[in-house]
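Structure, as structure tokens:
The values are calculated or read from the model by the stated rules, or taken from the named source; none is laboratory data. This is a predicted model, so every value here is computed, not measured. No Cβ is skipped: glycine too gets one built from the backbone with ideal geometry, and neighbour counts run over all protein chains shown.
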Number of protein chains: 2
Amino acid sequence: MIWHGIIEKYREFLPVGPRTPVVTLNEGNTPLVFSKHLSDILGVAVHLKCEGLNPTGSFKDRGMTVALSKAVEAGARLVICASTGNTSASAAAYSAKAGIGCVVLIPRGAIALGKLSQALVHGAKVLALDGNFDKALQMVREIARRHGITLVNSVNPYRLDGQKTGAFEVCDQLDGRAPDFHVMPVGNAGNITAYWKGYTEYHRAGRVKTRPRMIGFQAEGAAPIVRGKIIARPVTIASAIRIGNPASWKSAEAARDESGGLIGMVSDREILEAYRFLAAKEGVFVEPASAAGVAGILKLGKKKFFRRGSGATVVCVLTGHGLKDPDRALASAKKPKGVPARLESIMKAIRA
Amino acid sequence: MIWHGIIEKYREFLPVGPRTPVVTLNEGNTPLVFSKHLSDILGVAVHLKCEGLNPTGSFKDRGMTVALSKAVEAGARLVICASTGNTSASAAAYSAKAGIGCVVLIPRGAIALGKLSQALVHGAKVLALDGNFDKALQMVREIARRHGITLVNSVNPYRLDGQKTGAFEVCDQLDGRAPDFHVMPVGNAGNITAYWKGYTEYHRAGRVKTRPRMIGFQAEGAAPIVRGKIIARPVTIASAIRIGNPASWKSAEAARDESGGLIGMVSDREILEAYRFLAAKEGVFVEPASAAGVAGILKLGKKKFFRRGSGATVVCVLTGHGLKDPDRALASAKKPKGVPARLESIMKAIRA
């Protein structure tokens, strides 16, 4: 079948009708890659769902195609969002495709280079707020309410409807089975909510016989759900999950509890170790936040959480591409060595 | 069908056997997106083949999966390449996946930030040469020959075998038809050679009834094929095609001539206009070199090259993702405007 994006593929599960204009960049259909190294380490079959290969380089595109399609259907001429970067990139791209305006509010100085370049190049009006993500979200919610501008943060229910298709795809890619464990980073907590919704709907429709345990990880310095309280000043190198007051807090807890899962936390050091591990061993380059889930299962593995040889299947969602944050990669790597254009000098450098 | 990369999908057309170890990141299966704006402007159906959604963000992954699989089959422990950036990113990632070493020689100071970050994070040994790409290619060819290191530039024939699968996919996505015109940027000229090979093999196998005219574009300051002479100091903002002495020069000319196509050139200004057009109108963010093909057909359109309403199909290959070169996007966009955390200030900025 030729792929035309997640709305065409999963139409029956989505709140769209025959007259909804489909605003798509052919998102979805992302690779599920078997991880030999993680599987060997943990003794279970680990697959990586590479959501960084969506059109704007993150999972946000799944929700944005639905949110923008519904916005255009309703006659919107302008959308707005707060963002740590990935949402703004996606909102800007899909608004451009839809031919409508886009305003994004970002925390000043706190979003990765690649993501900022995307919002700008797609023509969004980018405003850098004196404040963090949580403040920016509060502001855009108020503006949307007062001025009738369409909000496309994940508090927009169409966003989560689109994002749940990630769960459908995982099940389809596993030949009609749900994984035993579904692992992912948790920031604003919309994505874990959406995946659980997806698994539940696929289960109810008889497409899969089971549902996975939902395993989420926050960064230690931005772990309101784990700590059970709002974090006024969230701190982590994983900018995409640097959120102290998640919009989908309650529904994330529900996903965790209904599935018999857990939401834990990992340190920035553990995140960066997992980040380097994925790039150096699996050839998969992700943004730091994406590595939180992998850091988490490595940590759980040390506690013998997974039963080695049980035949269990684990799917880790890698939420965004490493190219979103090239500065982080450069900061954590050795600089290139200069060489003159002479064979002997080059061979010497190779052997060094 | 579940996607397991281009080798599994197109095995019968590739030089692999049952015992070839498949080194894959599930490359290929990239979106073909209809471009409403280009189609309206040119009066023919224009589709964008978004090769930037391959695992490392460029079309190079198609060739690299075959080159690394064959290298591992032959027992190689080390591969080497010269690169303007995309090849090194791909070689580094697939070498990491294969568990073997990788050396890349880049022209000092002349590769985009994102690409450099990739080669480094995937653990390649990156050497920055005092010299341009053509010099670097000359050096690695010599080193590979003398020291028995596997060369994975496109002079490695397995690279082009992998890259030709892009043509197969286009035909499959067009429901078993080849496009009438196939448009792409031309740098080292391996890709146009590979696509023509792909269309020709699919045609010979009876999968399609026709073959397209091959239309390539070089940057004016790096247009050796158009000008009919080696360019000693190629100059263009499109770093991925900043090449003065293409390795696949003759075969690119053959593709052009056998197909009744053409290879033209576009200015950096035209490339940047097409780059901004794609981002702002189509929601598709590419690296500058990728926009050369689109700049080219816009130029041809002004000369009435395409017959409006003829029903012709045009496929433009967009070779790499815009996140490869975020600095270019930032340089060509307005900076974000700072705002205090007050509703009135934000509304004022939105309305400004």
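Here residue B:75 passes the criteria (1) under 30 Å from residue B:204 (Cβ atoms); (2) surrounded by fewer than 24 Cβ atoms within 10 Å (Cβ to Cβ) except the one numbered (1). Considering segment A:99-118, and only residues there that are at the interface with chain B (Cβ under 8 Å from one of its Cβ atoms) and assigned to a helix (DSSP H, G or I), the residue that is nearest to residue B:344 (Cα to Cα) turns out to be A:116. For residue B:8, indicate whether it is facing chain A (nearest Cβ under 10 Å), farther than 28 Å from residue A:351 by Cβ and free of Cβ contacts under 8 Å to residues at least 40 places away in the same chain. Considered against the rule, which asks whether it is facing chain A (nearest Cβ under 10 Å), farther than 28 Å from residue A:351 by Cβ and free of Cβ contacts under 8 Å to residues at least 40 places away in the same chain, residue B:8 comes out as no. Of the residues making up segment B:314-331, at least one is within 14 Å of chain A (Cβ to nearest Cβ), hydrophobic (A, V, I, L, M, F, W, C) and free of Cβ contacts under 8 Å to residues at least 24 places away in the same chain. Would a scan of segment A:22-33 turn up a residue that is more than 9 Å from chain B (Cβ to nearest Cβ), surrounded by fewer than 24 Cβ atoms within 10 Å (Cβ to Cβ) and either touching an Asp or Glu at 6+ places or on another chain (Cβ under 9 Å) or farther than 29 Å from residue A:242 by Cα (or both)? Yes - at least one qualifying residue is present in segment A:22-33.
State yes or no: is residue A:333 assigned to a loop (DSSP other than H, G, I, E, B), modelled with pLDDT under 95 and under 17 Å from residue A:277 (Cβ atoms)? Yes. Among the residues of segment A:48-64, the ones that are more than 10 Å from the chain's Cα centre (by Cα) and among the hydrophobic types (A, V, I, L, M, F, W, C) come to 3 in all. For segment A:290-312, the criterion of a residue being aliphatic (A, V, I, L, M), part of a strand (DSSP E or B) and modelled with pLDDT of 95 or more is satisfied by no position.
When every residue of segment B:281-295 is checked against the conditions, at least one turns out to be over 25 Å from residue B:115 (Cβ atoms), facing chain A (nearest Cβ under 9 Å), surrounded by fewer than 24 Cβ atoms within 10 Å (Cβ to Cβ) and touching a residue at least 12 places away in the same chain (Cβ under 8 Å). One residue is enough: does segment A:260-278 have a residue meeting the conditions in a loop (DSSP other than H, G, I, E, B), within 14 Å of chain B (Cβ to nearest Cβ) and without any contact (Cβ under 8 Å) to a residue 60 or more places away in the chain? No, that holds for no residue. Segment B:1-76 holds helices (runs of 4 or more DSSP H) entirely within its bounds, and those carrying 2 or more residues that are touching a helix residue (DSSP H, G or I) at 6+ places or on another chain (Cβ under 6 Å) and under 30 Å from residue A:98 (Cβ atoms) map to B:36-42. Restricted to segment B:127-230, the set of helices (runs of 4 or more DSSP H) holding at least 1 residues that are crowded, with 21+ Cβ neighbours inside 10 Å and within 14 Å of chain A (Cβ to nearest Cβ) comprises B:133-147, B:165-173.
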